[in-house]
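Scroll down for the structure; my scribbles are underneath it.
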Amino acid sequence: MYLNSIFTNPERLERLLDIAQSSFLPLLEGAIQYTIPLTLISFTIGLVLATLTALARISTIKILQIVARIYVSIIRGTPLLVQLSILFYGLPTVGITLEPFTAAILGFSLNVGAYASEVIRAAILSIPKGQWEAANTIGMTYSQSLKRIILPQASRVSIPPLSNTFISLVKDTSLASFILVTEMFRRAQEIAAFNYEFLLLYAQAGLLYWIICFLLSLVQGRLENRFDRYVAKT
Amino acid sequence: MIAINNLHKSFGDLEVLKGIDLNVEKGQAVVVIGPSGSGKTTFLRCLNILETPTAGTVAIDGHVADFSKPLSKKKITEFRKQSAMVFQHYNLFPHMTALENVMEGPVTVQKIDKQKARAKAEDLLVKVGLKEKMNEYPFQLSGGQQQRVGIARALALEPKVMLFDEPTSALDPELVGEVLQVMKELALEGMTMVVVTHEMRFAKGVADEVLFMDAGRIIERGTPQEIFDNPKEERTKQFLNLIQKADTI
Ligand SMILES: Nc1ncnc2c1ncn2[C@@H]1O[C@H](COP(=O)(O)OP(=O)(O)OP(=O)(O)O)[C@@H](O)[C@H]1O
Ligand SMILES: [Mg+2]
């Protein structure tokens, strides 16, 4: 029907092209102002959180292990949308009011922190014990061994799974629309609410998400190559 | 240089070292032989505290570690600096070139200036015959070359004692010689070393003393001639028979 009407009705086609053209900039603006910064900031904070959580989980200190486990379990066991709602709509009840953007950063960072901590933990554990021992025998302390020997090798192993986390995060930022962050998807909703061209606007937003993720996968490939320089090519 | 007193190590219920006593003079090379599972690796690892002994004392060049009480991390790190281990499977850092592997200890641990550390690492790699391979990553090196980097990495920290755990047993036969040669030169320069190896020729040519270990104890000790040509203990004889047979197959 839709396609049919486009081809039989040149005016309709023209209207759609007009809308597509005029909504492109606002959508792009949403991406540049919110989607991309949300992703980059949350991912950075999330990675730090994830590394600390992974270290807590492999540490020999019981209480750190338990705290880390509970954190990961809660974040993984509840929907992101619920987490964001609690942060933005729930916390004011106890006197903590967050800006939409702040709440979103907090929510996404906590989320990445939990998921990526599992990736980083597995990567650290995958480094052979002999590497720790070699570090020890040349006199390194625990933190020197981690920083110089273990984490550099673990990062290579974690690039593919962390890229997945990153790409998921790009798409998950659309949930911030629900707590009033005017990121790309919310722009699309707002424009569509005004002109009723839902299919067009949501498809347009989808296309932009896809392009961003595609560019990211190119970056991932380059990173992998860079880190693979010390591994035998098979 | 090394004084080991009544060293014990258990893994749970399994007692692996049942009281080892040993004195090694400065500049001596001691070779440890013995059947698989007798505790040779565990013994060496205890000297570098890669395993924590359950009881006993080890003194290296005046630094005493008494294992009857728990040691602080700082004390362990300090004690470890007295010796350095060369591993059976090299355990090079795969993300660093040969040169970076050797520089790592001096730069990160001893905080030596990078230029100086580089010059020193280059000298060491030249010494082990790897002048041409300094900027290669471990995966680009043969087993024998990797092990020689391993030796240079251990030497870079100027340990008082070098510990070798079957350094040639993971190597193809034609690569064994180049590693043993480097070790022999070290011994001739007066490095104090404890070497676990079944390379009889090396033991005969280099060792000041040979220890035969079995089931967590030193069963017999003596000069290479005494142990290899005229063993007294029945178990030593059996073991030597076995490895000589394996050699001639
Ligand atoms: N981390 C560990 N946990 C439990 N048991 C261990 C551990 N390391 C070694 N063992 C046990 O201790 C005993 C001695 O092992 P060790 O590796 O010292 O023998 P080895 O003389 O070096 O043998 P090989 O000639 O095969 O290398 C073996 O029975 C081994 O199974
Ligand atoms: Mg062994």
Quiz item: Quick check: anything in the stretch B:93-113 touching a strand residue (DSSP E or B) at 6+ places or on another chain (Cβ under 7 Å), more than 16 Å from ligand 1 (Cβ to nearest atom) and part of a helix (DSSP H, G or I)?
Solution: no
Quiz item: Taking into account only those residues within the stretch B:94-105 that are buried (at least 23 other Cβ atoms within 10 Å of the Cβ) and within 8 Å of chain A (Cβ to nearest Cβ), which is nearest to residue B:158 (Cα to Cα)?
Solution: B:105
Exercise. Output the number of the condition that residue B:132 fails; it satisfies all remaining conditions of (1) over 21 Å from residue B:197 (Cβ atoms); (2) away from every other protein chain (no Cβ under 11 Å); (3) in a loop (DSSP other than H, G, I, E, B).
Key: (3)
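Return the only residue of B:83, B:72 being away from ligand 2 (no atom under 16 Å from the Cβ), within 14 Å of chain A (Cβ to nearest Cβ) and over 22 Å from residue B:164 (Cβ atoms).
Only one candidate passes the filter, namely B:72.
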Exercise. Scan the stretch B:132-153 and give yes if some residue there is surrounded by 20 or more Cβ atoms within 10 Å (Cβ to Cβ), within 16 Å of ligand 2 (Cβ to nearest atom) and more than 23 Å from residue A:229 (Cβ to Cβ), otherwise no.
Key: no
Quiz item: Where residues in the stretch B:38-70 are over 20 Å from residue A:137 (Cβ atoms) and either hydroxyl-bearing (Ser, Thr, Tyr) or surrounded by 22 or more Cβ atoms within 10 Å (Cβ to Cβ) (or both), which of them is nearest to ligand 1 (Cβ to nearest atom)?
Solution: B:38
Quiz prompt | Counted residues, the stretch A:189-205 - those being surrounded by 20 or more Cβ atoms within 10 Å (Cβ to Cβ) and over 14 Å from residue A:17 (Cα atoms) | solution = 2
Quiz item: Are there any helices (runs of 4 or more DSSP H) wholly within the stretch A:122-234 with 3 or more residues that are within 27 Å of residue A:103 (Cα to Cα) and more than 10 Å from chain B (Cβ to nearest Cβ), and if so which?
Solution: A:151-172, A:184-195, A:198-227
Quiz item: How many residues, within the stretch B:21-55, are away from ligand 2 (no atom under 15 Å from the Cβ) and away from every other protein chain (no Cβ under 14 Å)?
Solution: 13
Quiz prompt | Residue tally, condition within 11 Å of chain A (Cβ to nearest Cβ), closer than 14 Å to residue B:87 by Cβ and either outside any strand (DSSP E or B) or within 15 Å of ligand 2 (Cβ to nearest atom) (or both), over the stretch B:156-173 | solution = 2
Exercise. Search the stretch B:1-22 for residues being more than 13 Å from ligand 1 (Cβ to nearest atom) and closer than 28 Å to residue B:241 by Cα, and hand back the single one that is surrounded by the most Cβ atoms within 10 Å (Cβ to Cβ).
Key: B:22
Quiz item: Considering only residues of the stretch A:72-114 that are in contact with a Gly (Cβ under 8 Å, 6 or more places away or on another chain) and under 30 Å from residue A:153 (Cβ atoms), which is surrounded by the most Cβ atoms within 10 Å (Cβ to Cβ)?
Solution: A:112
Quiz prompt | Count of the stretch B:184-238 residues which are part of a helix (DSSP H, G or I), of a type in the set (A, V, I, L, M) and farther than 19 Å from residue B:165 by Cβ | solution = 2
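Computed from the coordinates by the stated procedures, all read-outs in this text should not be read as laboratory data. It should be emphasised that the depicted structure is a prediction, and the values quoted were computed from it without experimental measurement. Backbone-built Cβ (ideal geometry, glycine too); neighbour counts: all protein chains shown.
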